[in-house]
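Comments concern the structure below.
The values are calculated or read from the model by the stated rules, or taken from the named source; none is laboratory data. This is a predicted model, so every value here is computed, not measured. In this analysis, Cβ positions are derived from the backbone assuming ideal geometry, glycine residues included, and neighbour counts consider all displayed protein chains.
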Amino acid sequence: MGIDPDPNNEDNGDSASVLPSSAPNSFARETTQHEMLAPKLVGQERIVDELWDYLMTNDILRIGVYGMGGVGKTTTMKHLYNKVHGSAAFENVFWVTVSKDCSIHELQNKIARALMVPDLFKNADEGMRPTKLFRHLRRKKKCLIILDDMWQHFELADVGIPVKRDGVRLVLTTRYLDVCKKMLCQANIGVRALSDEAWALFVQTLGSYLTPSRKLVAEDIVEECKGLPLAIVVMAGSMRGEVEDHVWEATLENLKRPGVLEQSMKESVLPILVHSYNRLDKKKQLCFLICALYPEDSLIDRVELIELLS
Ligand SMILES: Nc1ncnc2c1ncn2[C@@H]1O[C@H](COP(=O)(O)OP(=O)(O)OP(=O)(O)O)[C@@H](O)[C@H]1O
Ligand SMILES: [Mg+2]
């Protein structure tokens, strides 16, 4: 889901291509023109390099990137997008956020929007849609399509995506290796939790000095994040500007407490998100809950949101 930056801005369609990404999944949408805004990549540069190496060979046409939620797949892809965008090796790179429960029909529409041909299927019979897309994409030379956040596999022929050497190539991300395999990816890259770099990401996100005693507590807090970037940035974001030592200590205790959550959930990011949510004031909590009612990755109209809140 993303919040419409400014519905009255004439430049909206254009600036929609730029993805501020300080918050998870914020403003996610398709783009063809600009570089994507992305946080400075910490610890996962190797994945961009690996993907790049595959793209520089001409044999690997479909690449899968998989890993648990919040581990950094989308962030890494944004960096890949920018690298491809800035390279003469590709003529085009297109970004498509697929998301959960996306039908073939929706996926075709998303791709057409990313290609800047939203009317591609105008008056087309349902059965003709794959052919229309196929014929449009077949003309593309040295083109990369990034399909971010896939939850199920699609037959490329059903969608209308031709992949071939010197033509369209695919990189997709998903939480499940199985989806990569079913998509017949020739190379699959797993994105794993951070190890030593977790601390650097925390400090980068926090953006302020830590006293020696607070640093010790902060290190334990980072430990509790289990190397998951989403957990680290959420935690650092919620502790930003906090100068009371007892609050840092209480935060650590809170994270360590098994509480009502299942032991298995303790391993996950949920307690961290709960803690972050609890630190919001009531109005922001309500805002968060209303946003959660929108379908995943959908655009949220700023005015509508304000009306719902008032
Ligand atoms: N390597 C990284 N360097 C800096 N920040 C990162 C990194 N990886 C992730 N993040 C931060 O963590 C957040 C969550 O990461 P991201 O959205 O890329 O996860 P994801 O794997 O795509 O999750 P999902 O499966 O839910 O789509 C990002 O918004 C970003 O701020
Ligand atoms: Mg993602």
Some residue of the stretch 197-209 being more than 16 Å from ligand 2 (Cβ to nearest atom), in contact (Cβ under 8 Å) with a residue 24 or more places away in the chain and part of a strand (DSSP E or B): no
Filter result for His105 (more than 16 Å from ligand 2 (Cβ to nearest atom), in a helix (DSSP H, G or I), in contact with a helix residue (DSSP H, G or I) (Cβ under 8 Å, 6 or more places away or on another chain) and at pLDDT 95 or above): yes
Identity of the residue in the stretch 55-73, within 9 Å of ligand 1 (Cβ to nearest atom) and surrounded by fewer than 21 Cβ atoms within 10 Å (Cβ to Cβ), that ends up modelled with the highest pLDDT: Met68
Pairs with Cβ under 7 Å, 6+ apart, first in the stretch 290-302 and of a type in the set (Ser, Thr, Tyr), second assigned to a loop (DSSP other than H, G, I, E, B): Tyr294/Met1; Ser298/Met1
Inter-residue pairs, beta-carbon under 9 Å, first part of a strand (DSSP E or B) and in the stretch 65-77, second within 6 Å of ligand 1 (Cβ to nearest atom), 6+ apart: Val65/Lys73; Tyr66/Lys73; Tyr66/Arg175
Residue count for the stretch 216-230, restricted to those that are assigned to a helix (DSSP H, G or I) and at pLDDT below 90: 1
Matching residues, the stretch 38-88, being of a type in the set (Phe, Trp, Tyr) and farther than 12 Å from Thr173 by Cα: Trp52, Tyr54, Tyr81
